[in-house]
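Structure record follows, encoded as structure tokens.
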């Protein structure tokens, strides 16, 4: 019912019934706002709120609760929620509150996608593909394209901005996730694998992007003449 109400009001929605699944989605995608319910099967709603608030570029959050608990509104706001709505709620009021929170978020600079890229970042080339930050897309030409997660975008942008130099794991993680990110995390490897799979899916190898084991990564785009020569030979 709530999903239908929000979609009727013009919002694109994604529903998750477990906190862990929702958190993973938020880490990998650009989301403007999250509606949180405290009664989740795998994690306390307030604990999930704190995890979201520790994200470098997390969404705005409205706590939506049907529990009759004293002080829950104050607790939610103290932990970082942007608003609190008690159930049962009025549909028009909820939509108005969502719009108000989104306006405040935009004013606060919610255009950022990662620690190093935002919606205003211009289109750039990576290994012959166009990277479109505003659409979170990789475009390979002839209408061939695929979606790109926020973290993959940040990784590609940092490599693109630092060609021909070895980039340490620490510096790449800090650039994309923020200076407080856990540099011991293996999440970076998973996102690198996603990037390689995306290019491989369109028949593009990534010889220009190498892993320097024990140190970090290296990216050297092919010179324009070399790229043109390869196109001519294929023709």
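Nothing in this text is a laboratory measurement; each read-out follows from the coordinates by a stated rule. Being a predicted model, the structure only gives us computed values, none of them experimental. As a convention, Cβ positions derive from the backbone with ideal geometry for all residues, glycine included, and neighbour counts pool all protein chains shown.
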Per Stokes-Einstein, at 25 °C and 0.890 mPa s, what whole-number D in µm² s⁻¹ belongs to the chain, with the Kirkwood radius over Cα pairs as the hydrodynamic radius?
123 µm²/s
Would you calculate a helix-derived [θ] at 222 nm for the chain, using -39,500 (n - 2.57) for each DSSP H run of n ≥ 4 and dividing by the full residue count, to the nearest 500?
-12000 deg cm²/dmol
Return a whole-number percent for the relative contact order of the chain, with Cα pairs under 8 Å and 6 or more residues apart as the contact set.
13 percent
Please identify, among 38, 221, 88, the residue showing maximal mean-square fluctuation in a Gaussian network model of the chain using a 10 angstrom Cα cutoff.
88
Need one number: % antiparallel among DSSP beta bridges in the chain, to the nearest 5.
70 percent
Footprinting proxy, 1, 55: sorted fewest to most Cβ within 10 Å, the residues are 1, 55
Taking the chain as the reference, fit the longest principal axis to its C-alpha atoms, fit the long axis of helix 187-200 to the helix C-alpha atoms, and give the angle between the two in degrees, 0 to 90, nearest 10.
60 degrees
Measure nothing fancy, just the Cα-based angle from helix 19-28's long axis to the longest principal axis of the chain, in degrees from 0 to 90, nearest 10.
40 degrees
What order do you get for 211, 121, 114, 8 when you list them from fewest to most C-beta neighbours inside 10 Å?
8, 211, 121, 114
FRET efficiency for residue 8 and residue 86 from the Cβ-Cβ distance with R0 = 22 Å, rounded to 0.05, comes out at 0.50
Of the candidates 151, 24, 68, which one comes out as most mobile in a Gaussian network treatment of the chain with C-alpha springs shorter than 10 Å?
68
Using alpha carbons only: equivalent-ellipsoid semi-axes of region 2-107, gyration tensor based, whole Å
18, 17, 14
Between region 16-41 and region 71-107, what's the alpha-carbon centroid distance in Å?
16 Å
In a GNM of the chain with a 10 Å cut-off on Cα contacts, which of 213, 174, 158 has the highest mean-square fluctuation?
213
Starting from the Cα-Cα distance between residue 24 and residue 222, subtract it from 0.36 nm times their residue separation and give me the gain in nm to one decimal.
67.8 nm
